[in-house]
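Written below as structure tokens is the structure these notes are about.
The values are calculated or read from the model by the stated rules, or taken from the named source; none is laboratory data. Because the structure is predicted, anything quoted here is derived from the model rather than measured. Reconstructed Cβ throughout: ideal geometry from the backbone, glycine too, with neighbour counts over all protein chains shown.
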Amino acid sequence: MVTVVDINTEPESAARAVAALERGECVAMPTETVYGLAADATNGRAVARIFEMKGRPRFNPLIAHVASLDMAEAHGTFDERAMRLAAAFWPGPLTLVVAKRPDSAIHDLVTAGLDTVALRMPVGITHDIIADFGRPVAAPSANRSGRVSPTTAAHVAGEFADSDLLILDGGPCRVGIESTIVRVAPDRLTLLRPGAVTAEELAAASGARVEMAGPGAAVAAPGMLASHYAPRARLRLDVEDCPDGAALIAFGDGHGRRRNGAASVLNLSPAGDLREAAANLYAHIKALDAAGARLICVEPIPQAGIGAAINDRLRRAAAPRDCDERA
Ligand code: AMP
Ligand code: MG
């Protein structure tokens, strides 16, 4: 049975979460990106429980969340560019993939046996919990493997209705899509996953050029598998004229578009604000999916800024379901 605790009315929320982490349990908690299913990153059995609950393949590495630069540096090697990026964007929606220190206590299940580690410092109660806990916390999105990431506590409760799970309710996530992931290698910066922190911002803060991960990157970063974040409904992208009877995810004021025949319409941002659209993306997909839509049409989303990340997630959600390596 899930226990949902409102962090704004329950002063003991963080302490309860820390106690559960100490016992090697998973706890669902809000971050600025999406809700995470958190466990002690140094405890192999606790991390195994994350994979078990999500039904996620073991070889998919997880992000280790930290509460300070000191904690990050105890587990990963930070060169000058990594330092600049951490200084510019932490705490915040940026994950840095750096060389793992040989003496790091982060379990191999978290890094999938790689010699690199993905580190991020989140904002809010999850940050405070990790600081109290004193160790990094692995926290992939709190959904069953292959499904849309949760941006509210109710989404998480829906995913794990049959599990014993403490869920901290901090309201809807501010950003709404997963963190930007950048690999900091000695000779280059590679964008592995687009997010709220854009490639242009990374280049400006680091002083280095940022390469886009090529098609082969799916091997280095399994989270990039084509089919990911999948709803039950079929998704059709870049739709200008919604066919009659389809569900529609709109963007903007609808000028020059046909929406009248849509069976239901949810607008990511009537004002055309991409940040608002990112925050609403998963909740809108989930709502139309839950209402039984067979076909969800999505209006064109500009590629600018966080729009690149929105389009990345939409493409994965629309990809054929020919593999089950999704998380
Ligand atoms: P999440 O599901 O948000 O925890 O994101 C996990 C994703 O982070 C993985 O699927 C990878 O894409 C990426 N990742 C984590 N660790 C590494 C790593 N050591 N090297 C490359 N990518 C990583
Ligand atoms: Mg996920």
Name the residues in the range 72-98 that are among the hydrophobic types (A, V, I, L, M, F, W, C) and buried (at least 17 other Cβ atoms within 10 Å of the Cβ), would you?
72, 78, 82, 85, 86, 89, 90, 94, 96, 97, 98
Check 281, 268 and return the single one that is at pLDDT 90 or above, within 16 Å of ligand 2 (Cβ to nearest atom) and under 19 Å from residue 303 (Cα atoms).
281
Could you tell me how many of the residues in the range 228-271 are out of contact with any Leu (no Cβ under 7 Å at 6 or more places or on another chain) and more than 18 Å from residue 318 (Cβ to Cβ)?
16
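Of the residues that make up the range 74-95, is at least one within 16 Å of ligand 2 (Cβ to nearest atom), within 18 Å of the chain's Cα centre (by Cα) and aliphatic (A, V, I, L, M)?
No: the range 74-95 contains no residue that is within 16 Å of ligand 2 (Cβ to nearest atom), within 18 Å of the chain's Cα centre (by Cα) and aliphatic (A, V, I, L, M).
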Name, by its number, the condition in (1) more than 10 Å from ligand 1 (Cβ to nearest atom); (2) out of contact with any His (no Cβ under 6 Å at 6 or more places or on another chain) that does not hold for residue 104.
(2)
Residues of the range 52-71 being surrounded by 18 or more Cβ atoms within 10 Å (Cβ to Cβ) and not in a strand (DSSP E or B), in sequence order, are 53, 54, 56, 60, 61, 62, 66, 67, 71
Only one of (1) surrounded by 15 or more Cβ atoms within 10 Å (Cβ to Cβ); (2) assigned to a loop (DSSP other than H, G, I, E, B); (3) of a type outside the set (Phe, Trp, Tyr) is not met by residue 256, so which one is it?
(1)
Would the range 121-139 turn up any residue that is within 16 Å of ligand 2 (Cβ to nearest atom), closer than 24 Å to residue 188 by Cα and crowded, with 23+ Cβ neighbours inside 10 Å?
no
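Please specify each residue of the range 197-213 satisfying the condition of being among the polar types (S, T, N, Q) and in a helix (DSSP H, G or I).
First, the residues of the range 197-213 that are among the polar types (S, T, N, Q): 198, 206.
Answer for the range 197-213, where residues must be among the polar types (S, T, N, Q) and in a helix (DSSP H, G or I): just 206.
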Enumerate the pairs (first residue in the range 152-169 and within 21 Å of residue 32 (Cβ to Cβ); second residue anywhere and polar (S, T, N, Q) and crowded, with 21+ Cβ neighbours inside 10 Å) with beta-carbon separation below 7 Å, excluding pairs fewer than 6 apart on the same chain, so at least 6 apart or on different chains.
159/143; 168/13
Looking across the range 175-193 at residues that are in contact with a Ser or Thr (Cβ under 6 Å, 6 or more places away or on another chain) and not hydrophobic (A, V, I, L, M, F, W, C), the single one that is surrounded by the fewest Cβ atoms within 10 Å (Cβ to Cβ) is 183
Do you know which of the residues in the range 140-171 that are among the small types (Gly, Ala, Ser) and assigned to a loop (DSSP other than H, G, I, E, B) is nearest to ligand 2 (Cβ to nearest atom)?
149
When the range 1-35 is examined, which residues are found to be in contact with a strand residue (DSSP E or B) (Cβ under 6 Å, 6 or more places away or on another chain) and of a type in the set (Val, Ile, Thr)?
2, 3, 4, 5, 7, 27, 34
Could you list, in sequence order, the residues of the range 91-106 that are touching a strand residue (DSSP E or B) at 6+ places or on another chain (Cβ under 8 Å) and not in a strand (DSSP E or B)?
93, 101, 104, 106
Among the residues of the range 284-309, which ones are of a type in the set (D, E, K, R) and closer than 18 Å to residue 257 by Cα?
299
Those residues of the range 28-51 that are assigned to a loop (DSSP other than H, G, I, E, B) and farther than 23 Å from residue 176 by Cα come to a total of 3
When residues of the range 59-92 are limited to those that are in contact with an Asp or Glu (Cβ under 9 Å, 6 or more places away or on another chain) and among the aromatic types (Phe, Trp, Tyr), the one nearest to ligand 1 (Cβ to nearest atom)
59
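Within 14 Å of ligand 1 (Cβ to nearest atom), outside any loop (DSSP other than H, G, I, E, B) and of a type outside the set (Ser, Thr, Tyr): does that describe residue 184?
Values: within 14 Å of ligand 1 (Cβ to nearest atom): yes; outside any loop (DSSP other than H, G, I, E, B): yes; of a type outside the set (Ser, Thr, Tyr): yes.
Judged against the criteria, residue 184 is a match.
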